[in-house]
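Worksheet: the structure to be examined is printed underneath.
Readers should treat all values here as calculations from the given coordinates under stated rules, not as data from a laboratory. Being a predicted model, the structure only gives us computed values, none of them experimental. Please note: Cβ atoms are built from the backbone with ideal geometry, for glycine as well, and neighbour counts cover all protein chains shown.
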Amino acid sequence: MRLSKSLVPTLREDPADAEALSHKLMLRAGLVRQLGAGIYVYLPLGQRVIDKICAIIREEMNAIGGQEITMPVIHPAEIWRESGRWDAIGEEMFRLKDRAGRDLCLGMTHEEVVAWLAAREIRSYRDLPQVWYQIQTKERDEARPRSGVLRTREFLMKDAYTLDRDEAGLGRAYDAQAGAYRRIFDRCGIAYHVVQSDPGMMGGLGSHEFMAPSAAGEDEIAICASCGYAANVELAQGRPHLPQFPSWTREDVATPGVRTIAEVADFLKVDPRLTVKSLLYVAPTAGAVLALVRGDHALHERKLARALGEEARPAHPEEVVMHLGAPVGSIGPVGARVPVLADESLRDGSYVVGANREGVHTRGVRLGSDAPVRFVDLHVVAAGEACMKCGDALAVERVIEVGNIFKLGAKYSTPLHAMFLDEAGKEQPIVMGSYGIGPARIAAAAVEQLADADGIVWPWAIAPFHVHIVLVSVRDAAQAAAATEIYEACRARGLEAVLDDRDERPGVKFKDADLLGVPVRVTVGNALTKEGVVEVRSRRTRREARVPKDRVVDEIGSLRTQE
Ligand code: ATP
Ligand code: MG
């Protein structure tokens, strides 16, 4: 590719509205352009990166017996009604009507279509197992499209589905997918953790997420460097350090005008870890429930939902007064006429809690004995807490979810009648798994993890090109001829080269080469005229070698094997 004839619109400055590093650099390097909120155009270099990632994904999916298919983007509502997700999913689903007034939606994911297909094409145990996958566009009306291509409303997903006759088969299919995922992310050159994840409200038999560490991520994971425990904070458990408990007796104390934990701790001159945060929630079937976490902790709403078996929302201020007789800031578990859930870390010791009277707190309350509670894990694990498995300190890291794997069981096959006949001629539901990867997130994670102050540093395997040839002076015939010769030699040896033959100042060309992040830069300039050599420079290490022009391709080859 010759830059003089290509669409590679690089930008000198950081775009004003971009925050994440990958967002800035992908715009500046001319990989993508934003058409609307969460809607992107992939320009030639961005497209090449995505194509490379998809090629790796295809190879690894095919290697474990995956069969590529393409399912439609537009779906009739019926299959989503049958699975129950037409109603269960809210505004994230794009819905539309056809000319006859029939409901349709744009596919957010394809479990329903797979189950529909399996219901028609799978007859007996002899037809199983199956592994189907596609790399295809998904549409989701995300609440907060942000961070460039990390969270968009239209995006490419590799989604694979496995069909098995039983849980043992599903276990094998799941492990094969997990292995393929590791190879995919290793080959793409990104760092990642495999973590336990929340299989969601609707059951499911287990799931893992593949998380790439990055400040731009929207997820957090807790990991233990000693024993390898790793989980999404949605379910990660840790044992917080306990405070020194004073030997106080239970008594009410006036706390006029005091509302927040910080104010309570300040007013009573106690460690915030000796206070309890009382939060009233309302769930559709459980009704009002009081949830307690330690003063310095945050409650994780997913953990509360798991404990309740349904999603709950924070109560409105009027509901708080109605159920507990006191406003937010003065409520607590003692005498509460609603069920109380308390975080596990509150089992021992005594605490300061709201007294359910405005401006009054009670000190020295023991949960369980002074107020009936059910102990469950509710708090968001923080860095430094003890690992539940080995006791060592947990670290908490911000990550990008690049992929996930999910044991579905019969969740979709039963409602969509995806059945098979076993050896005894008995009808059984097909046992399904589903497995997703976001190619754009892999690209963005690579940018996030490897970029330096000058721009992107692509791993070889997913770089848009391998070699970036800078022709310093387009008007110098000898330089131009040598650059073209090297460009052709690269192509002949299977190295993808981009030739900067634009009539630009050398400084501009070098800056763009650094920004684009192609692994090797070859500079054809004055050194050629004077000494008959060109410069071969690694983008990552910045090491430079001067080599005769007919040795360039060999030099690049050895750089590639080193890196
Ligand atoms: P998230 O929790 O980040 O919203 P998800 O759980 O909704 O992700 P899945 O529905 O399981 O994700 O999709 C599988 C993969 O597709 C994800 O692991 C991610 O790599 C990618 N993906 C999901 N949503 C988006 C999006 N809005 N933009 C880009 N990629 C996405
Ligand atoms: Mg999502």
The stretch 211-298 - Kirkwood radius from inverse mean 1/r over Cα pairs (Å): 16.5
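Under 4 °C and 1.567 mPa s, how fast does the stretch 343-480 diffuse according to Stokes-Einstein, given a Kirkwood radius computed over C-alpha pairs? Answer in µm²/s, whole number.
For the chosen part, D equals 56 µm²/s.
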Shape box of the stretch 19-71 [Cα atoms, principal axes, largest first, Å]: 40, 21, 20
Convex hull volume of the chain per residue (C-alpha atoms, cubic angstrom): 203
Directionally averaged shadow of the stretch 520-563, computed from the convex hull of its alpha-carbon atoms, nm²: 2.7
Average projection area in nm² (convex hull over Cα atoms of the stretch 354-431, one quarter of hull surface): 13.0
Dimensionless Rg over Rh [the stretch 1-117; C-alpha; Kirkwood]: 1.08
Theoretical FRET efficiency, 1/(1+(r/R0)^6), r = Cβ-Cβ of A16 and A480, R0 41 Å, to 0.05: 0.60
All aspartates and glutamates inside 18 Å of K24 as judged from Cα atoms, apart from same-chain residues fewer than 8 positions distant: E13, D14, E218, E448, D452, D454, D512, D514
Diffusion coefficient, µm² s⁻¹, Stokes-Einstein with Kirkwood Rh over alpha-carbon pairs of the stretch 425-563 at 20 °C and 1.002 mPa s: 130
Percent of Cα pairs exceeding the 20 Å cut-off, where the set is the stretch 418-491: 64
Helix-only mean residue ellipticity at 222 nm for the chain, each DSSP H run of n ≥ 4 adding -39500 (n - 2.57), per residue, nearest 500: -8000 deg cm²/dmol
Unpartnered cysteines - no second Cys beta carbon under 4.7 Å - across the chain: C54, C105, C188, C490
For T109, T541, T362, T285, order by how many other beta-carbon atoms lie within 10 Å, fewest first: T285, T541, T109, T362
Sequence-separation-based contact order of the stretch 262-317, relative, with Cα cut under 8 Å and 6+ spacing, percent: 32
Proximal lysines relative to K5, as straight alpha-carbon distance under 18 Å, when same-chain residues fewer than 8 apart are discounted: K509
Centre separation in Å (Cα based) which lies between the stretch 206-229 and the stretch 60-91: 27
Furthest towards positive pole of dipole, G101, A16, G65, structure part the chain, Cβ charges: A16
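Could you tell me what fraction of 2.2 N^0.38 Å the Cα radius of gyration of the stretch 287-330 comes to, as a two-decimal ratio?
1.22
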Mean Kyte hydropathy of -1.0 or more with a Cα span along the axis of at least 18 Å, helices from DSSP in the chain: 44-63, 167-188, 477-492
Pair-distance profile P(r), taking every C-alpha pair of the stretch 463-545, with 10 angstrom steps and integer %: 20, 56, 25, 0
Rg/Rh ratio calculated on Cα atoms of the stretch 97-191 (Kirkwood radius): 1.05
Within straight-line cross-link reach of K269, lysines at Cα separation under 17 Å, skipping those fewer than 8 residues along the same chain: K277
Volume of the Cα convex hull of the stretch 51-92, divided per residue and given in Å³: 133
Entries of K158/K389; K303/K426; K52/K530; K97/K138 with Cα pairs more than 27 Å apart: K158/K389; K303/K426; K52/K530
The stretch 253-335: Rg to Rh, with Rh as the Kirkwood radius over Cα pairs: 0.99
Which of I331, I39 has the fewest Cβ neighbours within 10 Å, and the rest in rising order: I39, I331
Distance between modelled label sites at R250 and A63, nm, 7 Å Cα→Cβ extension: 6.3
Percentage relative contact order, the chain, counting C-alpha pairs under 8 Å, at least six apart: 17
Part-to-part distance (alpha-carbon centres) for the stretch 250-293 and the stretch 409-436, which is given in Å: 48
Spatial extent of the stretch 500-543: Rg and Dmax, with the Cα atoms as the point set, Å: 10.9, 29
Principal axis dimensions, the stretch 349-390 - Cα atoms, whole angstrom, descending: 41, 21, 16
Shape call, the stretch 142-217: gyration tensor on alpha carbons, a/c limit 1.5: prolate
Per-selection metrics, the stretch 176-332 (Cα): Rg and Dmax in Å: 20.3, 63
Least to most buried among V32, V149 (fewest other Cβ within 10 Å first): V32, V149
